[in-house]
Amino acid sequence: MGSLLAAMGLVFVAELGDKTQLVALGFGARHRIGPVLVGMAIAYAVANLLAVVVGGLLGAALPTRAIGLVGGVLFLGFAAWSLRSDDNDAGDGGGDSSDGGAGGSADGAMPSRPARAVVVSVAVAVFVAELGDKTQLATATLAAQGPPVLVWIGATIGIIAAGAVGVVVGRLIGARLPERATRIGSAVLFAAFGVGLIALNW
C-alpha cells in the first residue's frame with residue numbers, strides 16, 4: 001500500500017503543469033468532459049503500464065530521443081488537424097440550425113464531434129505526450145523499487161487526477177471563449193509541443 005500511495009502522490013505532483021496536463025486542458029476547452037476523461041484515462045493507464053513493464057520488470061530504458069521526435073511530428077499533425085477542423089466548420093456555415101447557426105460558439109466550445117472520435121483523439125494525443133515524459137520515467141523507477149502492480153495503480157490514479165484538473169480548467173476556459181478561438185489556441189499549443197519535442201531531441 002505504501003508503494004501505491006507513494007506513486008500516486010509523486011506522479012500527481014510531478015504532473016501538475018506538465019505538458020500532458022496542458023494537452024488535457026486543451027481538449028477540455030473544446031469538448032465535453034466525459035469523452036475527454038475517458039480518453040485521458042485510457043492513455044494514462046496504457047502509458048503507465050508500458051513504463052512499469054519496460055522500466056520496472058525488464059529494466060530497460062525507453063528510447064526517449066526517438067519517441068520525442070515521433071511525438072513532435074505527431075503533435076504538428078494534431079495542430080494541422082485542429083486548424084483544418086476550424087476551416088471545415090467555417091465552410092459548413094458554422095453549424096446546424098439546432099445550434100442556432102452558430103456551431104455552438106455562442107456558448108463556448110461545444111463541438112458536435114462524436115464522443116468516440118473525441119475519446120480516440122484524446123487517447124492518442126495524451127499517450128504520445130506521455131511517452132518518455134518525466135512522470136513515466138518516475139513510474140518506471142518506482143516500479144523497479146516496489147510492487148509493479150501497486151505502482152501502476154497508484155501512478156495511474158495520480159496522473160488521472162492531475163489530468164482531470166486540467167480538463168476541468170479547460171472546460172471553464174472554453175465555456176467563455178468562442179469555438180474558433182479554442183480551436184486556434186489548441187492548434188498553437190499542439191504546434192508548440194511539436195516544435196519543442198523535435199528541437200529537444202534532434
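Laid out as a table, the results:
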{"item": "Positions within the stretch 3-47 being among the β-branched types (Val, Ile, Thr) and either crowded, with 20+ Cβ neighbours inside 10 Å or out of contact with any Lys or Arg (no Cβ under 9 Å at 6 or more places or on another chain) (or both), in sequence order", "result": "11, 13, 20, 23, 36, 38, 42, 46"}
{"item": "Check on residue 109, touching a Lys or Arg at 6+ places or on another chain (Cβ under 6 Å), among the hydrophobic types (A, V, I, L, M, F, W, C) and either part of a helix (DSSP H, G or I) or modelled with pLDDT under 65 (or both)", "result": "yes"}
{"item": "Residue that is modelled with the highest pLDDT, among those in the stretch 58-68 that are in a helix (DSSP H, G or I) and either of a type in the set (D, E, K, R) or surrounded by 16 or more Cβ atoms within 10 Å (Cβ to Cβ) (or both)", "result": "65"}
{"item": "Matching residues, the stretch 17-57, being more than 30 Å from residue 176 (Cα to Cα) and at pLDDT below 80", "result": "54, 55, 56, 57"}
{"item": "Per-region count, the stretch 126-151, residues assigned to a helix (DSSP H, G or I), buried (at least 23 other Cβ atoms within 10 Å of the Cβ) and either of a type in the set (Phe, Trp, Tyr) or out of contact with any Leu (no Cβ under 8 Å at 6 or more places or on another chain) (or both)", "result": "5"}
{"item": "Cβ pairs under 8 Å, 6+ apart, first in the stretch 188-202 and within 13 Å of residue 125 (Cβ to Cβ) and in contact (Cβ under 8 Å) with a residue 24 or more places away in the chain, second polar (S, T, N, Q) and assigned to a helix (DSSP H, G or I)", "result": "190/82"}
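The values are calculated or read from the model by the stated rules, or taken from the named source; none is laboratory data. Just so we're clear, the structure is a prediction, and the values are computed from it rather than from any experiment. Glycine also receives a Cβ, built like all others from the backbone with ideal geometry; neighbour counts cover every protein chain displayed.
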